Amino acid sequence: MKHLLSIADLTPDLARGILDDAEQFEQTLLGREVRKLPTLRGRTVMTVFFENSTRTRVSFEIAGKWMSADVINVSASSSSVKKGESLRDTAMTLHAAGADALVVRHPASGAAHQIARWIAAEDGSSPSVINAGDGTHEHPTQALLDALTLRQRLGGIEGRRVVIVGDILHSRVARSNALLLSMLGAEVVLVAPRTLLPVGVDEWPVTVSHSLDAELPGADAVVMLRVQAERMNGGFFPSAREYSIRYGLNERRLAALPDHAVVLHPGPMLRGMEIASAVADSPRAAVLDQVTNGVHVRMAVLFRLLAASDEPGVAL
Ligand code: CP
């Protein structure tokens, strides 16, 4: 694997191997006073974020540092992008400066793919590109950390029914999760109002429902999504209040889930909108486990791209 741009870059064995490696990294570091492995010593990882982030940027930085990589964070707001430099010139500059991996978040769908193409055209020994979220398209490392969290909480993914709820239209998490979880044998159900479903969703490996209440009793997991007002140009239908009533996960709905079912949210959460505080803070919610798993999954991805072969389950 040269890049991780979308779930299509993975096979089921490769995805499972990354999850196995992530767990092995977690075990290796568990209880250590000094969390430092020599795995990526001498390698340079650059995070390049053109959109805000807390979890993804921080966890890539920690992941790189715990494996002894040099990690450089480039924020678009304090870079020469602000002076009008193009995405291509920015990427080529970071390539020339010595990046071994570029971790890219950008509001345009396809931006990470385009950077990988530009870089490859210039030099065969180009950096690996990791898509850390491109517009409404994909967020593959989020899907991997969600898969790891589900595997740990449910004991496996195959045959499990995962219900993804909310603003599917603008969610790169929903697409990557639907593709990865179905690849790993889960049954994926999308629950959303018609206005928040993308054109072409009938080609995704999912079923679609408009009733959250109907889907809860049969769910092994629910993934609640944030309503992405920043991508809606001021318009949002249904209204926030109606949305919360019909699609919000509150305590009454939590009680309708089977006892073993788990609640995920990629964050950031809008408490009181798509998820009630009592649900977000309950033991049924795995939100902070997702964050912790995000560090180990990103260690595993950096390891695959910069230090390992594509053999599944490579020992560390
Ligand atoms: N889940 C996620 O991508 O969160 P951030 O936007 O904080 O990185």
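With springs only between Cα atoms under 10 Å, which of 103, 295, 227 fluctuates most in a Gaussian network model of the chain?
So, out of 103, 295, 227, the one fluctuating most is 227.
Could you line up 232, 46, 273 from fewest to most neighbouring Cβ atoms inside 10 Å?
Neighbour counts put them in this order, fewest first: 232, 273, 46.
Pick out, in residue order, every one of the GluC sites (Glu not before Pro) in the stretch 26-85 that is DSSP loop and has at most 13 other C-beta atoms within 10 Å; say none if there are none.
In loop regions of the stretch 26-85 (DSSP not H, G, I, E or B), the sparsely surrounded GluC sites (Glu not before Pro) are 33, 85.
Please compute the modelled spin-label separation between residue 307 and residue 210, points set 7 Å along Cα→Cβ, answer in nm with one decimal.
For the pair residue 210/residue 307, the computed spacing is 5.1 nm.
Please list the radius of gyration and Dmax for the chain, considering alpha-carbon atoms only, with Å as the unit.
Spelled out, the Cα radius of gyration and Dmax of the chain are 19.3, 57 Å.
With the chain treated as a Gaussian network of Cα nodes joined by springs under 10 Å, which of 96, 280, 63 yields the largest mean-square fluctuation?
Of 96, 280, 63, the most mobile in the Gaussian network model is 96.
How long is the gain from residue 278 to residue 58 if the chain were fully straight, where each residue apart is worth 0.36 nm and the alpha carbon distance is subtracted?
Contour length minus Cα-Cα distance gives 76.6 nm.
Enumerate the helices in the chain for which the Kyte-Doolittle hydropathy averages -1.0 or more and the C-alpha atoms extend at least 24 Å along the helix's axis, using complete DSSP H runs.
12-29, 287-306
Rounded, prolate or oblate: which one fits the stretch 1-134, using the alpha carbon gyration tensor with axes a ≥ b ≥ c (rounded when a/c is under 1.5, else prolate when a/b beats b/c, else oblate)?
Since a/c reaches 1.5 and a/b is larger than b/c, the shape of the stretch 1-134 is classed as prolate.
Between the stretch 24-72 and the stretch 143-163, what is the separation of their alpha carbon centroids in Å?
24 Å
Can you tell me the relative contact order of the stretch 1-99? Whole percent, Cα pairs under 8 Å, sequence separation 6 or more.
Reported relative contact order: 25 percent.
Per 0.36 nm of contour for each residue apart, how much would the distance between residue 259 and residue 79 grow if the chain were fully extended, relative to their Cα-Cα spacing?
Using 0.36 nm per residue and subtracting the Cα-Cα distance, I get 59.9 nm.
Neighbour counts of other C-beta atoms within 10 Å: give me 259, 146, 13, 134 arranged from fewest to most.
Ordered by Cβ neighbours within 10 Å, fewest first: 259, 13, 134, 146.
Based on the alpha-carbon gyration tensor of the stretch 28-102 and its eigenvalue square roots a ≥ b ≥ c, which shape applies: rounded if a/c is under 1.5, prolate if not and a/b is larger than b/c, or oblate?
oblate
With a/c under 1.5 counting as rounded, go ahead and sort the stretch 143-215 into rounded, prolate or oblate using the C-alpha gyration tensor (a ≥ b ≥ c being the square roots of the eigenvalues; past the cut-off, prolate if a/b is larger than b/c, else oblate).
prolate
Report, ordered by chain and residue number, the lysines lying within cross-link reach of residue 36, taken as a straight Cα distance under 27 Å and ignoring same-chain residues fewer than 8 apart.
Within the straight-line cut-off, residue 36 pairs with 2, 65.
Would you mind calculating the relative contact order of the chain from Cα pairs under 8 angstrom and at least 6 residues apart, reporting the percent as a whole number?
Computed over the chain, the figure is 23 percent.
May I ask you to list the residues of the stretch 161-187 whose amide nitrogen lies under 20 Å from a point 7 Å from Cα along the Cα→beta-carbon direction of residue 203?
Only 168-183 fall inside the zone, counting backbone N under 20 Å.
What's the exposure ranking of 230, 203, 274, going from fewest to most Cβ atoms within 10 Å?
Result, fewest neighbours first: 203, 230, 274.
If r is the Cβ-Cβ distance from residue 158 to residue 72 and R0 is 45 Å, what FRET efficiency results, to the nearest 0.05?
Step by step, r from the Cβ atoms, then E = 0.70.
What share of all Cα pairs of the stretch 141-290, in percent, falls into each consecutive 5 Å distance bin?
2, 10, 22, 25, 23, 13, 5, 1, 0
Of all DSSP beta bridges located in the chain, what percent are antiparallel, nearest 5?
Roughly 5 percent of the beta bridges in the chain run antiparallel, per DSSP.
Values quoted throughout were computed directly from the atomic coordinates according to the rules given, and no laboratory measurement underlies them. Nothing here was measured: the structure is a model prediction, and the numbers come from that model. So basically every Cβ, Gly included, is an ideal-geometry build from the backbone, and we count neighbours across all protein chains shown.
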